[in-house]
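Report on the structure given below.
The values are calculated or read from the model by the stated rules, or taken from the named source; none is laboratory data. Values in this document were obtained by computation on a predicted structure and should not be read as measured data. Methodologically, a virtual Cβ is constructed for each residue, glycine included, from the backbone with ideal geometry; neighbour enumeration extends over all protein chains shown. For accessibility, only protein heavy atoms count, side chains too; no ligands or nucleic acids. Shrake-Rupley method; radii C 1.70, N 1.55, O 1.52, S 1.80 Å.
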Amino acid sequence: MNVSRFSASRAVLAGGIALSSVVLLSGTAFAHVSVQPQGEAAKGGYATVNIKVPNERDNASTVKLEVSFPLDHPLASVMPQPIPGWKAEVTKSKLSKPLQLHGKTINEAVSKVTWTADGSKIGPGQFQQFPLSLGQLPEDADQLVLKAVQTYDNKEVVRWIEEQKEGAEEPQNPAPVLKLSAASADHHGGAAPSASASADEKAGHDAKSGHDADAKKETAAADSSDTTARILGVIGILVGVAGVAFGVLAGRRRSA
């Protein structure tokens, strides 16, 4: 009897451990909808980002994604890149406070982009990236919270809208967050002269200096050659005069 109870206890304990392991592993295997900048996303500038959407279900496929943009930091330009098998729809909303951009007054901004499967879907064990061009990014914010809603073909809806609280654990369904870097000198992505440009300029200067040095060497060589020719010419004249003088003396000796 005791042996049977001990065996049963061991079986229950082993089952509990196995179940806990499955729960923990499945939890860590889950990925979240996220936003990833391609390069730099600087304050006051423009950026290209990817909305990364993993499929978290083994028995359903993702067929729709909605991403909302904050109107307290409006973006006048949000352009989706065409994706085969997906249809993109851009929704704009009127602003309570108009936005000034490049000397123009903007009364509405993009509030949501919706992608709907049109011959494609995100199947189990797969993910899809949805590229966006964003601008002009706000100058008075360190990040943008882009709340997302993911819909599966079995009608299940997952809302990635929970904002991270400072000092708290990550929420179960966190909203994608785009971190903004410090503003650059050029809001359109330009910057100070690059190192390569400086190197090219230095190389050009060095080449010019080298050319000038070669020219000086050639001039010095030419001057040296000219001096040598002059010396040889004078020597030739002296030899000629000496020869004439010798001939005259020899003639006088014969006459005598």
Working only with C-alpha atoms, what are the Rg and Dmax values of region 75-135, expressed in angstrom? 14.9, 48
Provide 64, 121 ordered by accessible surface of protein heavy atoms (probe 1.4 Å), highest first. 121, 64
Could the peptides 162-169, 148-155 be put in order, highest first, of the mean number of other beta-carbon atoms found within 10 Å of their residues? 148-155, 162-169
What Kirkwood hydrodynamic radius, in Å, does region 101-151 give when the mean of 1/r is taken over all pairs of distinct Cα atoms and then inverted? 14.7 Å
